[in-house]
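Written out below as structure tokens is the structure these notes cover.
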Amino acid sequence: MPSYREFHQRSIEQPDEFWAEQARLIDWETPPRRICDNDRPPFTRWFGGGRTNLCHNAVDRHLAERGGQPALIHVSTETGREETLTFAQLHEQVQLSAAMLRGLGVGKGDRVLIYMPMVPEAVVAMLACARIGAIHSVVFGGFASGSLATRIEDAAPRVVVSADAGSRGGKVIAYKPLLDEAIRLSTFKPESVLLLDRGLAPVERVPGRDHDWGALAARHAGDTVACEWLDATDVSYTMYTSGTTGRPKGVQRDVGGYAVALAASMKHIFQGEAGQTFFCTSDIGWVVGHSYIVYGPLIAGMATILYEGLPVRPDAGIWWSLVEKYRVGVMFSAPTAIRVLKKHDAALMKRHDLSSLRALFLAGEPLDEPTARWISGELGVPVIDNYWQTETGWPILTIANGVEPRPSRLGSPGVPMYGWKVKLLDSISGEELDGPDQKGVLAIELPTPPGFMQTVWRDDERFVDTYWKTIPGRMVYSTFDWAIRDADGYYYILGRTDDVINVAGHRLGTREIEECICRHPAVAEVAVVGVADALKGQVAVAFAVPRDASAVADEASRLRLEGEIMKVVDERLGALARPARVRFVSLLPKTRSGKLLRRAIQAVCEGRDPGDLTTIEDPGALQQIRELLQP
Ligand code: AMP
């Protein structure tokens, strides 16, 4: 067995040989002829000439050996629904859903937008799209009509798959009115809406456009739909993510590279074995859900748990009861969730037999030391941090215990994974920082490995301009994260270089929230910053300048306007983006050229030194914020 260092080195020095070997982890209808194609940088293409299908690899290829074994385990503590689909049953359901989509005119390359709660039908719809070569675009169910509208507009889906409602903490959230409003707001109108009726909220169907899942399923009962063999470089899905502008980017992913990347990660990183159970507590609306609720575990022949509900309801032992009941081998969650559990009685965990569990992976935000120590102490299994992004599809930094067991280091997600040419660069000069503990921008050199985004949906120029032109003099991918590396090669993430914030592991663009708040007629201007929070990592805090100062003359009117602004954000973007506080000021700190000094505001909010303020237009603006924050 090679050491991890040799393994990584080979992936960088001999990418063709290395990835040709990994490609054998999946089934191909036609094996690839060209492994890595980097002829048109920065658009790396993988497995050219190869033909495969994600759904075939996730479902069909397991039928012979494990058709009767669990594939999709659904547990909802919101509705009480709990069911297990075997690979054979999943196969049947996916074909049925594929037939329904085909019946609605969906073909290869068409987009299907999925706006669904955590129900099996959502996973089935994703796999059905993959089966027929349609491009799915899953939108997180917690987003509201404004966010949904921008995604419908950009993806231009032929069909939207949705449901009557989601439920969170026992509170029903009707999706259909949000969807109707989103379609009204969007200039693009989908031809059809396929609606799952969970019996949670009344639904009004638009005649001719809206179809009932149950009725359509009855019409197509027993239909079979074969997998469409796709080019490895065809598009499998798009997934929208926030950046520095108010307009989310459609991260576009391929078919073959993604399948191989996930299969390899299940082996080398997650050590998931066919027949075992994988439990990822994320949501299908996020990249972690795509990679490690749906495709990764199923490609590996594992059962995957799809959980709808809170981690603390009916009590904080619920996840551990599922680990016991379904003999979970590998679990994947986010630091925020663990911090939530940490506030509860650890006896709720101890009550369960967790002997099946071999490792807990955490990602999405920095893993703080107290949380890491607490959970590893309680579980007694390795707790493995992993760092990646929507754009990268799978971890850039972690520990590949499947290649060579290595200890994790507190505070560090780990070392560069195979295939990733990770560099630390000086943000001004672009020079590589070789020495230990030097802070630089974490960047990736070409070729990017399989699974990495292909481009921004329908906008190659935006892909190049956003990610590949930010470091002077070099065509490298910027992660927009600051990092340092210690003498042994372990990396430490220090936070974003841009205006993206991370709330409970979810990435939000401050510009997007600012644009939304500015819709309130009483607001002239606003700055949104991320402020450190013990539970959520960061929370958004808004500083707004009212059009008319008399609107915030007393405490009652300030609170009223704060509430109204929060409601605007709830209604357009969703509660996730709602600022924890909206404060009112008469001016915002800006440079003389008019650029908002968000970083200085953030520093003041966190009680830190705001740094160099020579470019500030009016220092009084920061002083106002300081005074506002006085207890
Ligand atoms: P997303 O695309 O929503 O997954 O967000 C990606 C961003 O989350 C990264 O650029 C980091 O800023 C942050 N992030 C993700 N995982 C980690 C981690 N393990 N440690 C520190 N930050 C992380």
Tally, over region 451-494, of residues that are open to solvent by 30 Å² or more (accessible area, probe 1.4 Å) and more than 15 Å from I428 (Cα to Cα): 14
Pairs, first free of Cβ contacts under 8 Å to residues at least 24 places away in the same chain in region 53-68, second of a type outside the set (K, R), C-beta under 9 Å, six or more apart: G68/T86; G68/F87; G68/A88
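Residues of region 527-544 being over 17 Å from L629 (Cβ atoms) and either of a type in the set (A, V, I, L, M) or out of contact with any helix residue (DSSP H, G or I) (no Cβ under 7 Å at 6 or more places or on another chain) (or both), which ones?
L535
Test T392 against the criterion of being away from the ligand (no atom under 12 Å from the Cβ), open to solvent by less than 20 Å² (accessible area, probe 1.4 Å) and hydroxyl-bearing (S, T, Y), and give yes or no.
no
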Strands (runs of 3 or more DSSP E) wholly inside region 174-286 that include at least 3 residues being touching a residue at least 24 places away in the same chain (Cβ under 8 Å) and closer than 25 Å to G451 by Cα: 235-241, 249-254, 277-280
Selection from region 250-295 of residues that are farther than 22 Å from P335 by Cβ, within 16 Å of the ligand (Cβ to nearest atom) and open to solvent by 10 Å² or more (accessible area, probe 1.4 Å): Q252
Only listed residue being open to solvent by less than 70 Å² (accessible area, probe 1.4 Å), at negative phi, within 15 Å of the ligand (Cβ to nearest atom) and modelled with pLDDT under 95, chosen from S412, S408: S408
Helices (runs of 4 or more DSSP H) contained in region 517-631 and holding at least 2 residues open to solvent by 80 Å² or more (accessible area, probe 1.4 Å) and within 30 Å of V340 (Cα to Cα): 555-572
Cross-chain or 6+ apart pairs with Cβ under 9 Å, region 553-579 first and without any contact (Cβ under 8 Å) to a residue 40 or more places away in the chain and of a type in the set (G, A, S), then buried (at least 20 other Cβ atoms within 10 Å of the Cβ) and not in a loop (DSSP other than H, G, I, E, B): G563/V582
Residue pairs meeting the criteria (Cβ under 8 Å; at least 6 apart or on separate chains; first touching a residue at least 12 places away in the same chain (Cβ under 8 Å), in region 74-85; second surrounded by fewer than 17 Cβ atoms within 10 Å (Cβ to Cβ) and assigned to a strand (DSSP E or B)): H74/E82; H74/E83; V75/E82; S76/E82; E78/R168
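Enumerate the strands (runs of 3 or more DSSP E) found wholly within region 55-169, keeping only those where 2 or more residues are closer than 30 Å to W28 by Cβ and of a type in the set (G, A, S). So that I can check it myself, show each step before the final result.
On the way: elements: 70-76, 82-86, 111-115, 135-138, 159-163, 165-168.
Result: empty, no element qualifies.
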Test: residue in region 111-121 that is farther than 22 Å from Y307 by Cα, of a type outside the set (D, E) and either touching a helix residue (DSSP H, G or I) at 6+ places or on another chain (Cβ under 6 Å) or open to solvent by 20 Å² or more (accessible area, probe 1.4 Å) (or both): yes
Among residues of region 296-306, those that are open to solvent by less than 10 Å² (accessible area, probe 1.4 Å), in contact with a strand residue (DSSP E or B) (Cβ under 8 Å, 6 or more places away or on another chain) and away from the ligand (no atom under 16 Å from the Cβ), counted: 7
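The values are calculated or read from the model by the stated rules, or taken from the named source; none is laboratory data. These figures come from a predicted structure and were not determined experimentally. As a convention, Cβ positions derive from the backbone with ideal geometry for all residues, glycine included, and neighbour counts pool all protein chains shown. For the accessible areas, the whole protein counts, side chains as well, though only heavy atoms, and no ligand, DNA or RNA atoms are used. Shrake-Rupley method; radii C 1.70, N 1.55, O 1.52, S 1.80 Å.
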